[in-house]
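Participant: There's a structure below that I have some questions on.
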Amino acid sequence: MTKKEKKSFNQSLAEWKLFIYNPTTGEFLGRTAKSWGLILLFYLVFYGFLAALFSFTMWAMLQTLNDEVPKYRDQIPSPGLTVFPKPLTALEYSFTVSDPESYQGYIEDLKKFLKPYNLEEQKNLTACPDGALFEQKGPVYGACQFPLALLQACSGVDDPEFGYSRGHPCVLVKMNRIIGLKPQGEPRIECTSKTENTAALLTYPPNGLIDLKYFPYYGKKLHVSYLQPLVAVQVSFNATSSTVNEVTVECKIDGSPNLKNEDDRDKFLGRVVFKVTARA
Amino acid sequence: MAKKTLEIYSVELSGMKDIEQTDKGNGKEKYRGLKNCFEPKKNHRKEELTKELDLDDHKLSIKELEKKYGTNIITGLSSAQAAELLARNGPNALTPPKETPEIIKFFKQMVGGFSILLWIGAILCWIAYGIQYSMNTSSSLDNVYLGCVLALVIILTGIFAYYQEAKSTNIMATFNKMIPQQALVIRDSEKKTIPAEQLVVGDIVEIRGGDQIPADIRLLSVQGCKVDNSSLTGESEPQPRSSEFTHDSPLETKNIGFYSTTCLEGTATGMVINTGDRTIIGQIASLASGVGNEKTPIAIEIQHFVHIVAGVAVSIGILFFITAVSLKYQVLDSIIFLIGIIVANVPEGLLATVTVTLSLTAKRMAKKNCLVKNLEAVETLGSTSIICSDKTGTLTQNRMTVAHLWFDNQIFIADTSEDNSNQVFDQSSGTWASLSKIITLCNRAEFRPGQENVPIMKRVVAGDASETALLKFSEVILGDVMEIRKRNHKVAEIPFNSTNKFQLSIHKTDDPNDKRFLMVMKGAPERILEKCSTIMVNGQEQPLDKNTAEAFHTAYMELGGQGERVLGFCHLYLPADEFPETYTFDVDTMNFPTSNFCFVGLLSMIDPPRSTVPDAVTKCRSAGIKVIMVTGDHPITAKAIAKSVGIISANSETVEDIAKRLHIAVEQVNKRDAKAAVVTGMELKDMSPEQLDELLTNYPEIVFARTSPQQKLIIVEGCQMQNAVVAVTGDGVNDSPALKKADIGIAMGITGSDAAKNAADMILLDDNFASIVTGVEEGRLIFDNLKKTIAYTLTKNIAELCPFLIYITVGLPLPIGTITILFIDLGTDIIPSIALAYEKAESDIMNRKPRHKKKDRLVNEQLAMYSYLHIGLMQAVGAFVVYFTVYAQEGFKPSALINIRVEWENSNVNDLEDSYGQQWTWYQRKYLEWMGYTAFFVGIMVQQIADLIIRKTRRNSIFQQGLFRNKVIWVGIASQIIIALILSYGLGSVTALSFTMLRPQYWFVAVPFAILIWVYDEVRKLFIRLYPGSWWDKNMYY
């Protein structure tokens, strides 16, 4: 039996060799050079054709698109909320007041994010009337100013450390941009502490108000220097004495009937939950 | 070999010439005489048979036997002796063939070629999940689900296949039915009836007509006993038994009766010499169980297919594993990708589809009376290139029937079809009137009462085979035979016996004016002729001169040479003056003349071929299948039947035929001139495997005669050595080893022995050889259609795999998810791929050669290339267009999607920007991703419709085939669309399934690609038809 197997192994080895290159027929991997040439040529032509066809249909499909506005916006009827600085892992900010290194990243992130909001950058923007939608007909779309001063203590102007060095850290809350979204009512960001009485929350602008003048958004291409309205949340811990202060904060869009803030599956639709841990 | 055949056939020829001398005393009729000529030669078989069967009790005298077995033929064994022997040797019963336990059979269904692939897939899935879990405990459970679904598919398909096979197995009976229940035995000087299982060697048993012989017995005293050995040796004629030792070979000698054969008439007393598994039949049965089952061709093909799929899967997997690693993916991630790719290549639905397709065909065949025991055997007949057919009971009806008549110097042909109803020979002659009277009167056989409504040919008769044939023959032509016999009252009778070789009876005539007695006689023709002085021609008595005697001999030789059993008939009207009405005939003193009869005619009988066989053989021939006859019967009979059914065609000759025609010695004949060969078992015994190989290659028409069960096995193996797929048909126990050895064993359902049915893969419920043709046709069709099904299924595999590859390399959001793929493979595609099983053949499949086992594969390179690299890629492109359309119209232009993967999947990124500056939360993106899945799914589904339509044919245009002929295809298409609609619109809100509603227009994006697929395939087929044998044909035809 073993002898037979051995023989068949040698045989199959020889067969393989013959398959890889057969000197009598000049076949390489079962095909002659001519056959390989033909088959490669065939696939070259065939795939060339397929690639051309794909490109053509994609081009044709792209022609149906509008450069300014996506064809459908049904997948994002309501905006999500996100926070700044962007935490690395889950939405948890943790820092030690006495150690500037521990919050250096947050501060830089915030500064970077707020850079477009500098007075210098905003000087070409329109000062729009408050409290009303800023609807435009084009062809040029203007963006409304968002004075950093609205963020008061969290603007970074007075306190370049955004309160972190004092144990009152600022977190910026923003609403996702959605083209054509027109909030109804008086939208504002309502933040609550989920942990009892450990911290007071201050929102700037007062009441977390988001002015309607920043809506609607007309898209990246038309609305070039559009600035998203921001709301800052400043966490002030009650017990300054304790070494570790923790608070879980939930911010929701409120006051606007067409902006959802409750969805079982989408935890960021109109709300955001984050946790702040400050060590002394 | 040539020399041997010369010897044999010269004997045969001289036997035909010396017709009167051949009757040496133990044959009944002429045919028997011809057979006897072989006997000196048959001694050659002795060695072989003693090798096979170690038995010499037939040579021993009764005294020696008594000594050997310690018994006494008068008093029998004592009960104590018997009990001791029974304890030592075990009961007289065959050990039933080892039954595979049901649970093993059940599990076997789940480990076949295909299932292995799925199991590996399932296990890989679980491993992948294990890796994912170790990295991230909250990882998606998709892989677990996928693994479970794969396992579920295997188990459900296994249950289905098991159920299908169990259903057909249940129809089968077991060996046990063969065992005679009771035996009459002499023990302690008393006759006792005991269960046959309790018989032991040395027992003295008595047997009567109708009994099954309860063990192998050495006959001690016999009164007119004949046995039916057909199930053991294939001899269709009843074999006379006697107590004399007549032949060296135990199979040939007359003083042995074999276990499980039937005693047809007479009585006999015998001594049990072998019991249970040591009997001849037991040895053959154990031979059968020792033969391993061959792997079915379709199982080999599926294994080959699995190898291809596995090869493709592993190569692509490793290629992309390397790519992924070089793209700086983590190794563990890359392993997950590798597993994902391998699993994506597993055609989940195919196992179920193939099983259902096979069982559909099995069902269709069962309707046409082919019962398939093993699902895979459904296809085997289609691949069959050689059919080795047993003669008796398979090709023939296994009952004697009048085939020819000779009177008025003319041979007439009688109808031998199953109902015998169409007797068209000239019945106006006066000679026929006389002949018919002799046939009717000189006959002791009678119909059993109460069968008036049964067709004549099916009625049960008391009497021996030839008398039965004559009785039925006359009943068909003349009507109520019993009434005729009543009118011609029988006054005296000498029944047939082997010494005088004739049968005689004296009757009053039914003519009231004729007071003469009519004496009628039948018997061995030459003996009858001896007693005749006149012959009847055209109703007139003429003196029997040399010319008429010559004519008689010619006719006798011609009929005898056709393997027919010939009987002569004569009569004599006794003069009324010498034998007045009151004359008392005394059969002992023979107070009446027994010579100077008037010869009336000859009748010859044969076990005729079934009427459907010649046509079936022709069809097999045109289908490129070689039909070989393998029989235990005598060469002359075998050759005659082979000629009449077309196994030896009308114009082909054997070497011996040519020698005879040209009057030269057999050696001088150019062997290449002969197309046919008749080979006997003893010649076969002396052949080397090379010679057998040469024989099988060189002669298109072969008859093997006088073969033993072992030799049948050798012949089957010889055919298989030539890479032929061999079908064996048979009904007897002697066929069972060959049935088992064959690629497909086909047993006869009605006449077949249980041993044969057990060993077979397929059973012809109506015993109709023609059903084999149906089987071949269905088998070939299923092979073609399976090819189409597999091509259809493989195609979309690429369309499902490409997204994953692109996802890894280009970093797009995943275009189609695992669960969605499952819904294609096990949802929308299942009914369409089964529908392909209903496709009609493209051309006359019965006019082409059987496929070559090694060359015409089920799945070949062309099929894989065309499915994977042509249609599959086109589908992938089409589906990607749908996918990109959905994303672009929702805001993510194709350019924005590149390398978006990591951010896209990060659930902490909830403000991902699209091409228009809008920001998406993670869940919003997820939902869009599902919409992409659905879009991709719809894209594949739409193109699979086109794929289904193009797969209807491989060569012909769809328009030649007819778009609407196969209605089931349209059911399949409808099912595809309906399932897709339900998934998208009905279950679109069930998050776990990851389907979403899809805008109606997206359903049509892939339609141009579907049309392109159709057009492309039509062009492919057009070129194949236009340029057969061209480069295109070779590379594009699968």
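The values are calculated or read from the model by the stated rules, or taken from the named source; none is laboratory data. Computed from a predicted model, the values in this text were never measured in an experiment. When we count neighbours, we look across all protein chains shown, and the Cβ atoms used for this are built from the backbone with ideal geometry, even at glycine. These area figures cover heavy atoms from the full protein model, side chains too; ligands, DNA and RNA do not enter into them. Shrake-Rupley method; radii C 1.70, N 1.55, O 1.52, S 1.80 Å.
Participant: Of all residues in segment B:958-993, which are open to solvent by 10 Å² or more (accessible area, probe 1.4 Å) and hydroxyl-bearing (Ser, Thr, Tyr)?
Facilitator: B:Ser975, B:Tyr985, B:Ser989, B:Thr991
Participant: Same structure, new question: Restricting attention to segment A:21-41, and to residues there that are surrounded by 14 or more Cβ atoms within 10 Å (Cβ to Cβ) and aliphatic (A, V, I, L, M), which single residue is nearest to B:Arg925 (Cα to Cα)?
Facilitator: Ranking the qualifying residues of segment A:21-41, first place goes to A:Ile39.
Participant: Sticking with this one: Among B:Gly202, B:Gly158, B:Gly121, B:Gly147, which is the only one that is under 26 Å from the mean Cα position of the chain (by Cα), modelled with pLDDT of 85 or more, buried (at least 18 other Cβ atoms within 10 Å of the Cβ) and not aromatic (Phe, Trp, Tyr)?
Facilitator: On the way: B:Gly202 fails: under 26 Å from the mean Cα position of the chain (by Cα); B:Gly121 fails: under 26 Å from the mean Cα position of the chain (by Cα); B:Gly147 fails: under 26 Å from the mean Cα position of the chain (by Cα).
One residue alone meets the criteria, B:Gly158.
Participant: Can you spot a residue in segment A:110-124 that is on the phi > 0 side of the Ramachandran plot and outside any strand (DSSP E or B)? Steps first, please.
Facilitator: At the first step, the residues of segment A:110-124 found to be on the phi > 0 side of the Ramachandran plot are none.
No, the conditions are met nowhere in segment A:110-124.
Participant: Return a yes/no flag: does segment B:545-563 have any residue that is in a strand (DSSP E or B), of a type in the set (A, V, I, L, M, F, W, C) and crowded, with 18+ Cβ neighbours inside 10 Å. Write out each step before concluding.
Facilitator: So in segment B:545-563, the residues in a strand (DSSP E or B) come out as none.
For segment B:545-563, residues in a strand (DSSP E or B), of a type in the set (A, V, I, L, M, F, W, C) and crowded, with 18+ Cβ neighbours inside 10 Å: absent.
Participant: Could you please let me know if B:Thr751 is under 30 Å from B:Gly282 (Cα atoms), in contact (Cβ under 8 Å) with a residue 24 or more places away in the chain, surrounded by fewer than 24 Cβ atoms within 10 Å (Cβ to Cβ) and outside the structural domain of B:Leu981 (by the TED database)?
Facilitator: On the way: under 30 Å from B:Gly282 (Cα atoms): yes; in contact (Cβ under 8 Å) with a residue 24 or more places away in the chain: yes; surrounded by fewer than 24 Cβ atoms within 10 Å (Cβ to Cβ): yes; outside the structural domain of B:Leu981 (by the TED database): yes.
Taking the combined requirement at face value, the residue satisfies it.
Participant: I've got another one for you. Identify, from the list A:Val231, A:Val276, the residue that is modelled with pLDDT of 90 or more and away from chain B (no Cβ under 14 Å).
Facilitator: Working: A:Val276 fails: modelled with pLDDT of 90 or more.
Going through A:Val231, A:Val276 in turn, the sole match is A:Val231.
Participant: Looking only at segment A:137-165, how many residues end up being surrounded by fewer than 14 Cβ atoms within 10 Å (Cβ to Cβ) and farther than 21 Å from A:Leu119 by Cβ?
Facilitator: Qualifying residue count, segment A:137-165: 4.
Participant: Going through segment B:881-908 one residue at a time, which ones are more than 10 Å from every other protein chain (Cβ to nearest Cβ) and over 60 Å from the mean Cα position of the chain (by Cα)?
Facilitator: B:Ala896, B:Leu897, B:Ile898, B:Asn899, B:Ile900, B:Val902, B:Glu903, B:Trp904, B:Asn906
Participant: Hey, another quick one. With the structure loaded, tell me whether A:Ala149 is in contact with an Asp or Glu (Cβ under 8 Å, 6 or more places away or on another chain) and outside any loop (DSSP other than H, G, I, E, B) or whether it fails that test. Even if it seems obvious, please write down each step before you answer.
Facilitator: Values: in contact with an Asp or Glu (Cβ under 8 Å, 6 or more places away or on another chain): no; outside any loop (DSSP other than H, G, I, E, B): yes.
When the stated conditions are applied, A:Ala149 does not pass them.
Participant: In the set B:Ala879, B:Ala888, which member is of a type in the set (A, V, I, L, M), open to solvent by less than 10 Å² (accessible area, probe 1.4 Å), closer than 30 Å to A:Val45 by Cβ and out of contact with any Leu (no Cβ under 9 Å at 6 or more places or on another chain)?
Facilitator: Numbers: B:Ala888 fails: out of contact with any Leu (no Cβ under 9 Å at 6 or more places or on another chain).
Just one listed residue meets the conditions, B:Ala879.
Participant: Hey, any hits in segment B:844-854 for a residue that's within 9 Å of chain A (Cβ to nearest Cβ), basic (Lys, Arg) and more than 17 Å from B:Gly817 (Cβ to Cβ)?
Facilitator: Initially, segment B:844-854 is screened for residues within 9 Å of chain A (Cβ to nearest Cβ), giving none.
Within segment B:844-854 (the criterion being within 9 Å of chain A (Cβ to nearest Cβ), basic (Lys, Arg) and more than 17 Å from B:Gly817 (Cβ to Cβ)), the answer is no, since none of the residues qualifies.
Participant: Kindly evaluate B:Ala935 against the criterion of being facing chain A (nearest Cβ under 7 Å), part of a helix (DSSP H, G or I) and either small (Gly, Ala, Ser) or in contact with a strand residue (DSSP E or B) (Cβ under 6 Å, 6 or more places away or on another chain) (or both). Before you say what the answer is, go through the steps one by one.
Facilitator: Details: facing chain A (nearest Cβ under 7 Å): no; part of a helix (DSSP H, G or I): yes; either small (Gly, Ala, Ser) or in contact with a strand residue (DSSP E or B) (Cβ under 6 Å, 6 or more places away or on another chain) (or both): yes.
Against the criterion (facing chain A (nearest Cβ under 7 Å), part of a helix (DSSP H, G or I) and either small (Gly, Ala, Ser) or in contact with a strand residue (DSSP E or B) (Cβ under 6 Å, 6 or more places away or on another chain) (or both)), B:Ala935 does not qualify.
Participant: Going residue by residue through segment A:42-54, is there one that turns out to be surrounded by fewer than 14 Cβ atoms within 10 Å (Cβ to Cβ), away from chain B (no Cβ under 13 Å) and of a type in the set (Gly, Ala, Ser)?
Facilitator: Looking for residues that are surrounded by fewer than 14 Cβ atoms within 10 Å (Cβ to Cβ), away from chain B (no Cβ under 13 Å) and of a type in the set (Gly, Ala, Ser), one finds none in segment A:42-54, hence no.
Participant: Can you name the residue in segment B:683-710 that is among the aliphatic types (A, V, I, L, M) and touching a Ser or Thr at 6+ places or on another chain (Cβ under 8 Å) and is also surrounded by the fewest Cβ atoms within 10 Å (Cβ to Cβ) among such residues?
Facilitator: Keep residues of segment B:683-710 that are among the aliphatic types (A, V, I, L, M), which gives B:684, B:687, B:692, B:695-696, B:702-703, B:705.
Checking which are touching a Ser or Thr at 6+ places or on another chain (Cβ under 8 Å) leaves us with B:684, B:703, B:705.
Details: B:Leu684: 24, B:Val703: 26, B:Ala705: 26.
Here the residue is B:Leu684.
Participant: Still on this structure, please answer the following. So in segment B:1003-1017, with the set limited to residues that are assigned to a helix (DSSP H, G or I) and either within 11 Å of another protein chain (Cβ to nearest Cβ) or exposed (fewer than 15 other Cβ atoms within 10 Å of the Cβ) (or both), which one is farthest from the chain's Cα centre (by Cα)?
Facilitator: So the first thing to find is which residues in segment B:1003-1017 are assigned to a helix (DSSP H, G or I), and the list is B:1003-1004, B:1007-1017.
If we keep only those that are either within 11 Å of another protein chain (Cβ to nearest Cβ) or exposed (fewer than 15 other Cβ atoms within 10 Å of the Cβ) (or both) as well, we get B:1004, B:1008-1009, B:1011-1012, B:1015-1016.
Values: B:Phe1004: 50, B:Pro1008: 49, B:Phe1009: 46, B:Ile1011: 44, B:Leu1012: 45, B:Val1015: 42, B:Tyr1016: 42 Å.
Selected residue: B:Phe1004.
Participant: Just checking, does segment B:749-757 include any residue being touching a strand residue (DSSP E or B) at 6+ places or on another chain (Cβ under 6 Å), assigned to a helix (DSSP H, G or I) and under 19 Å from B:Met629 (Cβ atoms)?
Facilitator: Step one: filter segment B:749-757 for residues touching a strand residue (DSSP E or B) at 6+ places or on another chain (Cβ under 6 Å), giving B:749, B:756-757.
Filter once more, keeping what is assigned to a helix (DSSP H, G or I): B:756-757.
Okay, now just the ones that are also under 19 Å from B:Met629 (Cβ atoms), so B:756.
Within segment B:749-757 (the criterion being touching a strand residue (DSSP E or B) at 6+ places or on another chain (Cβ under 6 Å), assigned to a helix (DSSP H, G or I) and under 19 Å from B:Met629 (Cβ atoms)), the answer is yes, since at least one residue qualifies.
Participant: Go through the residues of segment B:888-895 one by one and say whether even a single one is in the same structural domain as B:Arg954 (by the TED database), at pLDDT below 90 and among the acidic types (Asp, Glu). Give the derivation first.
Facilitator: Keep residues of segment B:888-895 that are in the same structural domain as B:Arg954 (by the TED database), which gives B:888-895.
Remaining after also requiring at pLDDT below 90: none.
Among the residues of segment B:888-895, not one is in the same structural domain as B:Arg954 (by the TED database), at pLDDT below 90 and among the acidic types (Asp, Glu), which makes the answer no.
Participant: State all residues of segment A:181-213 that are open to solvent by less than 40 Å² (accessible area, probe 1.4 Å), part of a strand (DSSP E or B) and aliphatic (A, V, I, L, M); if no residue qualifies, say none.
Facilitator: Within segment A:181-213, A:Ile189, A:Ala199 meet the criteria.
Participant: B:Thr392 versus (1) in the same structural domain as B:Val454 (by the TED database); (2) at pLDDT below 85: which is the lone unmet condition?
Facilitator: (1)
Participant: Here's something else I'd like to know. Checking the structure you have, find out if any residue of segment B:950-964 is among the β-branched types (Val, Ile, Thr), in a helix (DSSP H, G or I) and within 14 Å of another protein chain (Cβ to nearest Cβ).
Facilitator: Residues of segment B:950-964 that are among the β-branched types (Val, Ile, Thr), as a first pass: B:950, B:953, B:958.
Add one more test, that the residue is in a helix (DSSP H, G or I), and what stays is B:950, B:958.
Filter again for within 14 Å of another protein chain (Cβ to nearest Cβ), leaving none.
Checking segment B:950-964: not a single residue is among the β-branched types (Val, Ile, Thr), in a helix (DSSP H, G or I) and within 14 Å of another protein chain (Cβ to nearest Cβ).
Participant: Could you pull out the residue among B:Ile284, B:Ile318 that is open to solvent by 10 Å² or more (accessible area, probe 1.4 Å), assigned to a helix (DSSP H, G or I) and closer than 24 Å to B:Ala183 by Cα? Break it down into steps so the answer makes sense when it comes.
Facilitator: Numbers: B:Ile318 fails: closer than 24 Å to B:Ala183 by Cα.
Residue meeting the stated conditions: B:Ile284.
Participant: Of everything in segment B:396-429, what is outside any loop (DSSP other than H, G, I, E, B) and exposed (fewer than 15 other Cβ atoms within 10 Å of the Cβ)? Give them in sequence order.
Facilitator: First, the residues of segment B:396-429 that are outside any loop (DSSP other than H, G, I, E, B): B:396, B:401-407, B:410-413.
Passing the criteria: only B:Ile413.
Participant: Could you check how many residues of segment A:7-59 are assigned to a helix (DSSP H, G or I) and acidic (Asp, Glu)?
Facilitator: Keep residues of segment A:7-59 that are assigned to a helix (DSSP H, G or I), which gives A:7-20, A:33-59.
If we keep only those that are acidic (Asp, Glu) too, we end up with A:15.
The qualifying residues number 1.
Participant: May I ask you to say which residue of B:Ala755, B:Ala650, B:Ala659, B:Ala742 is within 19 Å of B:Ile386 (Cβ to Cβ) and not charged (D, E, K, R)? If you could, list the steps in order and put the result at the bottom.
Facilitator: Details: B:Ala755 fails: within 19 Å of B:Ile386 (Cβ to Cβ); B:Ala650 fails: within 19 Å of B:Ile386 (Cβ to Cβ); B:Ala659 fails: within 19 Å of B:Ile386 (Cβ to Cβ).
The unique qualifying residue is B:Ala742.
Participant: Condition check: in a helix (DSSP H, G or I), under 24 Å from A:Arg271 (Cα atoms) and either at the interface with another protein chain (Cβ under 7 Å from one of its Cβ atoms) or in contact with a helix residue (DSSP H, G or I) (Cβ under 9 Å, 6 or more places away or on another chain) (or both). Does B:Tyr923 satisfy that? Steps first, please.
Facilitator: Details: in a helix (DSSP H, G or I): yes; under 24 Å from A:Arg271 (Cα atoms): yes; either at the interface with another protein chain (Cβ under 7 Å from one of its Cβ atoms) or in contact with a helix residue (DSSP H, G or I) (Cβ under 9 Å, 6 or more places away or on another chain) (or both): yes.
So B:Tyr923 fits the description; yes.
Participant: Give the residues of segment A:73-107 that are surrounded by 13 or more Cβ atoms within 10 Å (Cβ to Cβ) and at the interface with chain B (Cβ under 7 Å from one of its Cβ atoms), sorted by residue number.
Facilitator: Taking segment A:73-107 as the starting set, the residues that turn out to be surrounded by 13 or more Cβ atoms within 10 Å (Cβ to Cβ) are A:73, A:75-87, A:91-97, A:100, A:102-107.
If the condition is that a residue be surrounded by 13 or more Cβ atoms within 10 Å (Cβ to Cβ) and at the interface with chain B (Cβ under 7 Å from one of its Cβ atoms), then A:Gln75, A:Ile76, A:Gly80, A:Thr82 are the ones that fit.
Participant: Ok, one more. Within the bounds of segment A:168-180, is there any residue that is away from chain B (no Cβ under 14 Å), crowded, with 22+ Cβ neighbours inside 10 Å and of a type in the set (A, V, I, L, M)?
Facilitator: Checked segment A:168-180: at least one residue is away from chain B (no Cβ under 14 Å), crowded, with 22+ Cβ neighbours inside 10 Å and of a type in the set (A, V, I, L, M).
Participant: Can you name the condition, by its number, that A:Gly219 falls short on among (1) open to solvent by less than 30 Å² (accessible area, probe 1.4 Å); (2) away from chain B (no Cβ under 14 Å)?
Facilitator: Among (1) open to solvent by less than 30 Å² (accessible area, probe 1.4 Å); (2) away from chain B (no Cβ under 14 Å), the lone unmet condition for A:Gly219 is (2).
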